[in-house]
């Protein structure tokens, strides 16, 4: 056996699978996963973005978007970096597609460290100052920093505040079930209706997202809404929206469904925004299957 082969066998033997999403990145010590936010440290998979916040704002709850959960309220919204998908139309690419090292060099972009206790104190202060109802984990993919969401959500709940997660839904059942009792509302971004479509988004997994939706829909303590961004040339065909809406209806036709307009972003800056009439037409098609369809970004 060659020296190179022996080294490869040693790396494989010491590699550990990340348990958070269906990609199950096999990481050797010091190696970072595809999400840029998780690494193998001495044989244990740990979060690189724990408490490292890149975005912080008090937003209207409708901006998450959540239309049927505490409408008219505000919520303290936080985000970090990293994502387990690689969507060419990503609307928050500066944060989502970055790694920790990037924030040392990005012009005008950095991180601040906020541990769970500090976040809980900030959430209470935001409640008193602006009527904020709790914390939304958003902007990047929250669950690539699963441990932070879990630790914060439990503490936020203990203060009598709400937790909201905005996610692509690409999380395995065990971590999802561990954190779900502390989550009061979730918006899951369902990108398309096919395995092939998800494969184009950095090897995503439709079945995992659908499993997450089913689990959250069955949870009596967590409100669920679903969003589909209508992207020209990717998922804007009438039959694609119908397939998505029909599948959601097979779970629960009363789930609020957001049909939203794409604007040029990330690697699709040269693509024109989705025509407004297309968005409204796709929403009408979805209403053939679902009771509550909301148009966004128009």
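Please verify whether residue 83 is surrounded by 15 or more Cβ atoms within 10 Å (Cβ to Cβ), in contact (Cβ under 8 Å) with a residue 60 or more places away in the chain, in contact with a helix residue (DSSP H, G or I) (Cβ under 6 Å, 6 or more places away or on another chain) and not in a strand (DSSP E or B), treating the condition exactly as stated.
So residue 83 passes the test.
Table: residues versus (1) surrounded by fewer than 18 Cβ atoms within 10 Å (Cβ to Cβ); (2) over 23 Å from the mean Cα position of the chain (by Cα); (3) assigned to a loop (DSSP other than H, G, I, E, B).
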{"site": "246", "(1), (2), (3)": "yes, no, no"}
{"site": "249", "(1), (2), (3)": "yes, no, no"}
{"site": "255", "(1), (2), (3)": "no, no, yes"}
{"site": "258", "(1), (2), (3)": "no, no, no"}
{"site": "263", "(1), (2), (3)": "yes, no, yes"}
{"site": "277", "(1), (2), (3)": "yes, yes, no"}
{"site": "298", "(1), (2), (3)": "yes, no, yes"}
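Using beta carbons and a limit of 6 Å, which pairs, at least six apart or on different chains, have the first residue in the range 55-67 and within 17 Å of residue 119 (Cβ to Cβ) and the second one assigned to a strand (DSSP E or B)?
Matching pairs, first to second residue: 55/79; 56/78; 57/77; 58/74; 58/76; 59/77.
When both residues are 6+ apart or on different chains and their Cβ atoms are under 7 Å apart, which pairs have a first residue that lies in the range 117-132 and is touching a residue at least 60 places away in the same chain (Cβ under 8 Å), and a second that is surrounded by fewer than 18 Cβ atoms within 10 Å (Cβ to Cβ)?
These pairs meet every condition: 126/58; 130/58; 132/58.
Does residue 144 qualify as being in contact with a helix residue (DSSP H, G or I) (Cβ under 6 Å, 6 or more places away or on another chain), at pLDDT 95 or above and not in a loop (DSSP other than H, G, I, E, B)?
Answer is no for this residue.
The values are calculated or read from the model by the stated rules, or taken from the named source; none is laboratory data. No experiment lies behind these values; they were computed from the predicted model shown. Here the Cβ is made from the backbone with ideal geometry for all residues, glycine too, and neighbour counts use every protein chain on show.
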